[in-house]
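Below is one structure, written out as structure tokens; the observations come after it.
Each value in this text was obtained by applying a stated rule to the coordinates, not by laboratory testing. All values reported here derive from a predicted model rather than from experimental measurement. Note that we place each Cβ from the backbone using ideal geometry, even for glycine, and neighbour counts take in every protein chain shown.
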Amino acid sequence: MRILVTNDDGVFSPGLVALASVAARFGQVRVVAPDVEQSATSHSITIDRPLKMSPTPVGDFKAFRVNGTPADCVALGLYRLDGADLVLSGINLGSNLGHEIWYSGTVAAARQAALLGVPAAAFSLVGGEGDRPRFRAVVAYVERVIRLLLEEPTLPLVNVNLPPEPKGIRWTRQSVRAHTGRVVEGEDTFGRRNYWLAEAPLSDPDEGTDRWAAERGLVSLTPLRLDLTDVTTPADPDAAALIALKEAAPRAR
Ligand code: MN
């Protein structure tokens, strides 16, 4: 089994070594990760300049750093390493719950793999933003989840959030009830105004969602889809006809 490991926190993140070490129990690991932090870059790709892959050992693993985004790393890794059977992204230093999935470079790296036909999973450590993220309590769960995903090969893309002290594993759905984005105003050392994009914690998430599970100390497994079509609100056939008529109407001179 050939496993490509990547992340969005950069090639020197402790979460990357932690994930590669667990992945090595399942097969041959190759690491391709961004040279600097790329958190919240989502699924962006680099098209206005060439990319470089430079050898940079990660622990005992053969690894490359790329001057690009997480999605770039997966595309280049799969190309240069002649494919992979599984792509794992993370372990991200911080959660990727609910609408955070939209911004996440960690999830986007896994999604890039899924788009290229390789099953993938994104791993994130809830509360891992601090100076000393602790992976000791979660590695056993990362191993259990990888085993579970290998037994369930029909799942192309899974978003995994690990609470710091997991008590169990739970399949969940994405929490979408509220968007908590806000802007926080500050001041630089010269007294000039600046801004931080921030989030307010969401309270009382709906039962069965990723946030709900994480708050209860459960590892959250959310299967994600590539088709974003909203099938619950089918297009109105009359509206479609109206658009066609308008397009067909002769233009006024
Ligand atoms: Mn990150």
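Taking amide H as placed 1.01 Å from N in the peptide plane, the amide H of VAL58 sits under 5 Å from that of ALA63, each at least 5 places away or on another chain. The Cα center of region 28-99 and the Cα center of region 177-227 differ in position by 24 Å. Each Lys and Arg adds +1 at its Cβ and each Asp and Glu adds -1 at its Cβ; summed about the Cα centre, region 1-66 shows a dipole of about 320 debye. If R0 equals 22 Å, the separation of the Cβ atoms of ARG144 and ARG2 corresponds to a calculated FRET efficiency of about 0.55. For the peptides 118-128, 89-99, 21-31, the ranking by packing is 89-99, 118-128, 21-31, with the highest mean count of neighbouring Cβ atoms within 10 Å listed first. As a rough footprinting exposure proxy, the listed residues THR209, THR232, THR6, THR106 were ranked by other beta carbons within 10 Å of their own, and the order from fewest upward is THR232, THR209, THR106, THR6. In the chain, Cα pairs under 8 Å separated by at least six residues give a relative contact order of 17 percent. Counting neighbouring beta carbons within 10 Å and listing from fewest to most, the residues GLU199, GLU215 come out as GLU199, GLU215. Computed 3J(HN,Hα) for region 129-144, one whole-Hz value per residue from the Karplus formula 6.51 cos²θ - 1.76 cosθ + 1.60 where θ = phi - 60°, is 6, x, 5, 10, x, 10, 9, 4, 6, 9, 4, 4, 6, 4, 4, 4, glycine and proline marked x. Between LYS62 and ASP85, the simple spin-label model (points 7 angstrom out along Cα→Cβ) gives 1.7 nm. Summing +1 for each Lys or Arg and -1 for each Asp or Glu among the other residues whose beta-carbon sits under 13 angstrom from that of LYS52 gives +1. Charge tally for LEU93 (other residues, Cβ to Cβ under 12 Å; Lys, Arg +1; Asp, Glu -1): -3. Using the Cβ-Cβ distance between ARG193 and ASP131 with R0 set to 35 Å, the FRET efficiency from 1/(1 + (r/R0)^6) comes to roughly 0.80. Calculated [222 nm] ellipticity per residue, helices only, for the chain: -7500 deg cm²/dmol; basis is -39500 (n - 2.57) per DSSP H run with n ≥ 4, divided by all residues, nearest 500. The magnitude of the dipole of region 69-204, with charges of +1 and -1 set on the Cβ of Lys/Arg and Asp/Glu and taken from the Cα centre, is near 240 debye. The residues PHE61, PHE190, when put in order of fewest to most other Cβ atoms within 10 Å, stand as PHE190, PHE61. Rounded to the nearest 20, the Cβ-based charge dipole of the chain about its Cα centre (Lys and Arg +1, Asp and Glu -1) stands at 480 debye. Please list, in chain and number order, the residues 5+ apart from ARG173 or on another chain whose amide H is under 5 Å from its amide H, with Hs placed from the backbone. Result for ARG173 returns THR209, ASP210.
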